[in-house]
Structures are given as structure tokens and as C-alpha cells.
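The values are calculated or read from the model by the stated rules, or taken from the named source; none is laboratory data. What you are looking at is a predicted structure, and each value in this text was computed from that prediction instead of being measured. Cβ: placed from backbone, ideal geometry, glycine included. Neighbour counts: every protein chain shown. Just the protein is used for accessible areas: all its heavy atoms, side chains included, with ligands, DNA and RNA removed. Shrake-Rupley method; radii C 1.70, N 1.55, O 1.52, S 1.80 Å.
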Amino acid sequence: SRAGMALSVLVILLLSMLYEAIKMGKAVLLRRALLALPHSLSRESLVEPEEGDTGPAQGRYCGDPLAPGQWFQYHVGQTLFHVVQVVLGYMVMLAVMSYNTWIFLGAIAGSTLGYFL
């Protein structure tokens, strides 16, 4: 029926938008995890500065290093985001593989709107 088709297209549109939102959330979580990592020690920061020398190690505080379990929490979060993204991607792909033009256009419109938002 027409109502069933419209509902199917709407669901695929929303799933495509959610896929894009999850993709963005995963990227934001990755960025936060990378910013929270302590900076590695370079050779210049290990060498004691000479008197009057303002080397790159002076005046540069990178913040507190991660708590012991914090990196693991970020990694678990990224893993969960990845699993949800893969499941949604395959669901949308299976819907598109029905070779229905309206479903295909719903997936394209949802992906476009999700990326735009």
C-alpha cells in the first residue's frame, strides 16, 4: 500500500540519518580520546635546558595524563559506536538492495540530511 511504502521510506530515511549521526559521534569520540592522550616525551624535553634557554619543554603544560581506565573507556565507546554503525549500514544496504526506487531515494535523502545536520 502507499501508506506502507511511505512508512518504509521514512524509516530508511531516519536510519540513514542515524547512520550519519553515529559516524559523526564516532569521530568526535576519537578526537576527544586523542586529545586526552598524554603527549609523548621528545628528545628535546628530556635534555635539561641550558641557563637562559627557553626550549620547547618550558612553559608547555599538556594537561593531566589519562587516568588508568580512561583510555579503555574511550576505546569501549568507540567500539560500541562502530558496531552500531556497521549494523545500521548493513540494514540500509539490505533495504537498498530491494531495488525499490523510493527506498533508494529515501536512503540518499537520509544520508544527505544526516550529513548536513
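Given the criterion loosely packed, with under 12 Cβ neighbours inside 10 Å, under 30 Å from THR101 (Cα atoms) and either out of contact with any helix residue (DSSP H, G or I) (no Cβ under 8 Å at 6 or more places or on another chain) or modelled with pLDDT under 90 (or both), identify the matching residue among VAL47, VAL83.
Details: VAL47 fails: under 30 Å from THR101 (Cα atoms).
Answer to the selection: VAL83.
Quick one: which of LEU34, LEU41 is more than 22 Å from LEU13 (Cα to Cα), modelled with pLDDT under 85 and within 15 Å of the chain's Cα centre (by Cα)?
Working: LEU41 fails: within 15 Å of the chain's Cα centre (by Cα).
Answer to the selection: LEU34.
On the basis of being modelled with pLDDT of 80 or more and of a type in the set (Phe, Trp, Tyr), does TYR61 make the cut? I'd like the intermediate steps shown before the answer.
Numbers: modelled with pLDDT of 80 or more: no; of a type in the set (Phe, Trp, Tyr): yes.
So TYR61 fails the test.
GLY110 passes all but one of (1) at pLDDT 95 or above; (2) open to solvent by less than 100 Å² (accessible area, probe 1.4 Å); (3) out of contact with any Leu (no Cβ under 6 Å at 6 or more places or on another chain); which number fails?
For GLY110, the failing item is (3).
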